[in-house]
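This report concerns only the one structure given below.
The values are calculated or read from the model by the stated rules, or taken from the named source; none is laboratory data. Predicted model only: the values in this text are computed from it and were never measured. No Cβ is skipped: glycine too gets one built from the backbone with ideal geometry, and neighbour counts run over all protein chains shown.
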Amino acid sequence: MLEEIKRKIEDEVQRLHHELTVTLPMAIRKAVEHGDLRENADYKSALERQQFVQARIGHLTQRLSELSKIDVATIPYDSVSFGSRVKLREKNTAGDVEYTIAAGDYIDLDAGHISMASPIGRALIGKKVGDVVPVQLPMGTREYEILELTTLPQMLNG
């Protein structure tokens, strides 16, 4: 999982770098050719996008640095932590959900990945199978029971 996240981030950095060094300079040159830059929406838009892309590359580079510092040997074997796959039952609806706990602000709900920094992620860290975990969400407090847990060390060790 850790390598998959790193690969996705590296792929995004590569796409953004191409946009920053190839696509955006062409868009800026084209906008400049239209003349008066004070009221040129294409020029302003390209410059704003350029600033966004630079900031995003910086953010992703920092995330890669943080991910490289994760030592799998220090991750608990029996409680929720980075990389854990957790099956939960929401107490009021009896509906089950499964999440994988991801680092930083990474989130991909379609794939079932939630961030350690999210309200659910923060509430689950350190908990074990059978624990009932209250989670403060914008729509109120919900309680989840941890039904199943597979930690990153368990996944890596088979």
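The conditions are (1) assigned by TED's automatic domain parsing to the domain that holds ILE9; (2) in contact (Cβ under 8 Å) with a residue 12 or more places away in the chain; (3) surrounded by fewer than 18 Cβ atoms within 10 Å (Cβ to Cβ), and PHE52 fails exactly one of them. Which is it?
(2)
Can you tell me which residue in segment 66-98 is surrounded by the fewest Cβ atoms within 10 Å (Cβ to Cβ), limited to those that are of a type in the set (Val, Ile, Thr) and assigned to a loop (DSSP other than H, G, I, E, B)?
Top of the filtered list is THR93.
For the structure I just gave you, tell me whether ILE120 is surrounded by 19 or more Cβ atoms within 10 Å (Cβ to Cβ), over 17 Å from the mean Cα position of the chain (by Cα) and not charged (D, E, K, R).
no
Given the criteria within 19 Å of the chain's Cα centre (by Cα), of a type outside the set (A, V, I, L, M, F, W, C) and closer than 25 Å to LYS8 by Cβ, does ARG56 qualify?
yes
Based on what the data block shows, is ALA73 more than 21 Å from the chain's Cα centre (by Cα) and at pLDDT below 85?
yes
Those residues that are among the aliphatic types (A, V, I, L, M) and touching a Pro at 6+ places or on another chain (Cβ under 6 Å), I need them from segment 63-91; list them, please.
Passing the criteria: only ILE75.
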